[in-house]
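Note sheet for the following structure.
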Amino acid sequence: MEDTKVSELICNEGSPQWDLQKLNNLFLPVDVADIARIPLSIQAPPDRIVWHYDKHGVFTVKSAYRVALQLTFGDEDGSSSSSANPSMLWRLIWNATVPTKLKIFAWRVAHDILPTKSNLIKKGVDMQELCMFCGDTTESALHVLVMCPFAAATWDISLLTRHAHQVRCNTMNDWLREMLGSTNKAQRDHIITLLWAIWGNRNTLLWQGVQRSPHDVVAFAQQYVHEFITVNGTSSKVTNWVRDAVRWAAPPSGRLKINFDGAFDPTSGRGAVGAVARDAEGGFVAAMV
Ligand SMILES: [Zn+2]
């Protein structure tokens with residue numbers, strides 16, 4: 001079979017025709033039907049290896065890379081509501097000035113393959129499904145990274161993407177397309193790093209029981225990018241991410257401070273509010289929507 005050539009599957013008595021008996025011996029019926037539909041040249045050219053993703057049939061690393069991108073971000077994104085170029089999202093992620101592990105993290109976010117409670121339950125893991133921050137909603141990637149009041153407060157503190165949690169979308173893939181497709185490079189670095197920091201904070205809460213404030217998460221992300229840019233000597237501008245005008249201040253000892261934000265859509269008549277309560281050390285206490 002390995003040494004069989006296509007020409008051996010063709011009868012050349014008279015006009016060239018596929019040898020159906022050989023095809024049926026070698027292939028499944030569904031494949032035989034497809035092969036038999038391929039028209040044959042009357043010139044009977046010699047066999048040669050063809051890379052059918054290239055119009056000249058020649059294999060190149062560049063064309064293989066393009067196919068890999070299409071396989072990764074093309075077909076399976078067909079259900080996305082975005083009409084953007086399928087590989088656009090991957091290019092935006094890959095060109096970010098962030099460590100490779102953050103790019104891979106963003107790629108996993110885009111494909112919804114983070115081990116969120118929602119995904120683990122889908123795989124049969126028996127566990128409690130609610131978000132650890134608000135205790136109100138199933139922990140999906142979109143919820144814990146963007147929509148949860150804790151995440152929303154984190155994005156809100158962040159200077160460059162204040163309305164990140166108000167982007168209308170149903171999946172993290174759509175959210176990433178919207179956010180990364182409408183921002184500049186420094187903002188994209190910020191968005192990817194802050195997503196990673198929010199997820200890291202979630203893991204710290206899950207595995208170590210340590211709760212940080214939204215402000216601390218933003219400050220950590222900003223410091224992380226600053227150090228990466230400094231160490232790597234890139235020309236990217238270090239931007240202050242934290243809104244100075246509303247820099248969060250802790251309440252007096254023994255008291256809680258509650259910060260809230262709201263949004264109203266006049267077309268649908270629907271609105272929502274969210275709130276986060278923190279103590280004198282800035283520790284997260286509770287959240288609600
Ligand atoms: Zn939540």
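The values are calculated or read from the model by the stated rules, or taken from the named source; none is laboratory data. What you see is a predicted model, and the numbers here were worked out from it, not measured in a lab. Neighbour counts are summed over all protein chains in view; Cβ atoms, including those assigned to glycine, are modelled from backbone coordinates with ideal geometry.
Taking first residues from the stretch 134-146 that are farther than 21 Å from Met179 by Cβ and partners that are of a type in the set (Phe, Trp, Tyr) and buried (at least 17 other Cβ atoms within 10 Å of the Cβ), the Cβ contacts under 8 Å between residues at least 6 apart in sequence or on separate chains come to Cys134/Phe150. Might you let me know whether the stretch 211-229 holds any residue that is at pLDDT below 90, aromatic (Phe, Trp, Tyr) and part of a loop (DSSP other than H, G, I, E, B)? Within the stretch 211-229, not a single residue is at pLDDT below 90, aromatic (Phe, Trp, Tyr) and part of a loop (DSSP other than H, G, I, E, B).
If you check Leu194, Leu206 for being within 16 Å of the ligand (Cβ to nearest atom) and in a helix (DSSP H, G or I), only one passes: Leu206. For the stretch 101-117, the condition holds for at least one residue, the condition being that it is modelled with pLDDT of 90 or more, of a type in the set (Val, Ile, Thr), at negative phi and buried (at least 17 other Cβ atoms within 10 Å of the Cβ). Evaluate the stretch 108-130: report whether one residue or more is over 20 Å from Leu205 (Cα atoms), over 20 Å from the mean Cα position of the chain (by Cα), outside any helix (DSSP H, G or I) and more than 12 Å from the ligand (Cβ to nearest atom). Yes - at least one qualifying residue is present in the stretch 108-130. Per the listing Trp155, Trp90, the residue uniquely without any contact (Cβ under 8 Å) to a residue 40 or more places away in the chain and more than 16 Å from the ligand (Cβ to nearest atom) is Trp90.
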